[in-house]
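Computed from the coordinates by the stated procedures, all read-outs in this text should not be read as laboratory data. Because the structure is predicted, anything quoted here is derived from the model rather than measured. No Cβ is skipped: glycine too gets one built from the backbone with ideal geometry, and neighbour counts run over all protein chains shown.
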Amino acid sequence: MSEFHGAHKSHSYFEGWYFKHQNGGHTIAFIPGVNYDEQGRKSAFVQVITDDVSCNVPFSFSDFNVSTHGLGILLRNQIFGERGVKIDLKTPEIRCKGTIKYGPLTPPKYDVMGPFRFVPFMECHHGVISMKHRLQGMLEVNGTQINFDNGTGYIEKDWGTSFPKSYLWVQCNRFRDAAGSVMISVADIPFGKFSFKGCICIVHYWGNEYRLTTYNGVRIIRCDETGLILKQREYVLKAEFSKNAPQNLFAPQIGAMSRIIRENAACHVRCRFYREGTLLFDLQSEEAGFEYVE
C-alpha cells in the first residue's frame, strides 16, 4: 500500500501520504505528495496541519523521490518513512525541525479498498498503512519544543484524480481506553453515469480487527456532520463528533491542488460499538481527526 502509483501517469493525477503524530495534547500531521495538472505540469508539496496552524510548502517535482521498496518519501531534506520522519521546514508560516522515530507499524489485515482496488477508473483510492504506532522524538514548531516520546502515530494515503465531491472522514487512535483505533470514511463515489455512497471503516480493539465496508454489505443509517451510524449484519457502530477549530487544507481537483477543504486535527469523538445489541465498547477522545465536506 506504500508503493508509488503515479510513476506512469502523465496528467490529472495526485498522490499523497498522511503522517499524523500526537502526544500530550499536541497534534501535527505532514502530507507529502505530488500532483500533475490537466496540462501535465508536475509539482510536489508538503502540507502541515497542527491544532492551530496549516500551511502548504511547495517543492519542485525534481525534489521528489520515492522508495521502490517499502514506505519512503524524500522531498529535498524532508524524509518520511516506515521508521519515522525527519523534518526541516522554514517558511513564513511555519518553522519546523526535528526527528520522530516510529515503533512497529500496524497495517490492516488486507487492503481497505477490498475488491474496489482492482477498479481502474476510481476517482480516488484510499489506503491505510498503519492504524497505530508508538512515537519517539522531538519537533521544534515555531519556536516551541514538542516532545513526542510515547506518543501515537497514524499513516494513510490517497491517490487518483480528485477527492470525492462530498465525504466524511474520521480517524482516532488516542481514546481514553488506549486499546482502540478507528478509521471511518464515507464518500460519494462516481461509477460510470451513476454514483453511490461508499463506506470503508476499520475498528481495532484489543487485538481484534472489525471491518464495516460497502463490499461487506454495510448499511449507512445516518451520516452528517454531527454523527454516523453504520450497520453490518450483527454489528452496529455509532459515532458522534463535535468540530473544534478546523484548518484549511489544499485538496486535488482533476490533479490540481486547487480545492480548499477544512480539517479538524483534534476534536471530540465518541464511538459506541455493538454486536447483536451488546455494547462491546464506548470510547471517547478529544484527539480525533475529522473532515466533513458537502
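Just a yes or no: is a residue in region 5-16 of a type outside the set (A, V, I, L, M, F, W, C), over 23 Å from Ala265 (Cβ atoms) and part of a strand (DSSP E or B)?
Among the residues of region 5-16, at least one is of a type outside the set (A, V, I, L, M, F, W, C), over 23 Å from Ala265 (Cβ atoms) and part of a strand (DSSP E or B), which makes the answer yes.
So which of Gly24, Gly16, Gly70, Gly81 ends up being more than 22 Å from Glu263 (Cβ to Cβ) and touching a residue at least 24 places away in the same chain (Cβ under 8 Å)?
Result: Gly70 is the single residue among Gly24, Gly16, Gly70, Gly81 that is more than 22 Å from Glu263 (Cβ to Cβ) and touching a residue at least 24 places away in the same chain (Cβ under 8 Å).
Cβ-Cβ distance below 6 Å, separation of 6 or more or different chains: which pairs start in region 238-252 with a residue that is under 21 Å from Gly25 (Cα atoms) and end on one that is of a type in the set (Phe, Trp, Tyr) and buried (at least 21 other Cβ atoms within 10 Å of the Cβ)?
Cβ pairs passing all conditions: Phe241/Phe290.
Sort out which residues of region 113-122 are of a type outside the set (Lys, Arg) and surrounded by 14 or more Cβ atoms within 10 Å (Cβ to Cβ), and write them in order of number.
Of everything in region 113-122, those that are of a type outside the set (Lys, Arg) and surrounded by 14 or more Cβ atoms within 10 Å (Cβ to Cβ) turn out to be Met113, Gly114, Phe116, Met122.
Looking only at region 85-130, which residues are in a strand (DSSP E or B) and polar (S, T, N, Q)?
Thr99, Ser130
Can you tell me which residues in region 161-188 are over 26 Å from Glu3 (Cα atoms), part of a loop (DSSP other than H, G, I, E, B) and in contact (Cβ under 8 Å) with a residue 12 or more places away in the chain?
Ser166, Arg174, Phe175, Arg176, Asp177, Ala179
Just checking, does region 282-291 include any residue being out of contact with any helix residue (DSSP H, G or I) (no Cβ under 9 Å at 6 or more places or on another chain) and outside any strand (DSSP E or B)?
No - not one qualifying residue is present in region 282-291.
Say we look at region 213-249 and pick out the residues that are under 22 Å from the mean Cα position of the chain (by Cα) and among the small types (Gly, Ala, Ser); which of these is nearest to Leu280 (Cα to Cα)?
Ala239
Of everything in region 139-160, what is farther than 20 Å from Ile73 by Cβ and either out of contact with any Cys (no Cβ under 9 Å at 6 or more places or on another chain) or outside any strand (DSSP E or B) (or both)? Give them in sequence order.
Of everything in region 139-160, those that are farther than 20 Å from Ile73 by Cβ and either out of contact with any Cys (no Cβ under 9 Å at 6 or more places or on another chain) or outside any strand (DSSP E or B) (or both) turn out to be Asn142, Gly143, Thr144, Gln145, Ile146, Asn147, Asp149, Asn150, Gly151, Thr152.
Mind listing just one residue for me: the one in region 239-294 that is in contact with a Leu (Cβ under 9 Å, 6 or more places away or on another chain) and of a type in the set (Ser, Thr, Tyr) and, of those, surrounded by the most Cβ atoms within 10 Å (Cβ to Cβ)?
Ranking the candidates gives Tyr292 first.
Pull up region 123-149, narrow it to residues that are touching a residue at least 60 places away in the same chain (Cβ under 8 Å) and over 18 Å from the mean Cα position of the chain (by Cα), then point me to the one that is surrounded by the fewest Cβ atoms within 10 Å (Cβ to Cβ).
My answer is Asn142.
Looking at (1) part of a strand (DSSP E or B); (2) crowded, with 21+ Cβ neighbours inside 10 Å, which is the one condition that is false for Ile79?
The failed condition is (2).
What number of residues in region 129-183 are β-branched (Val, Ile, Thr) and over 22 Å from Glu286 (Cα atoms)?
2
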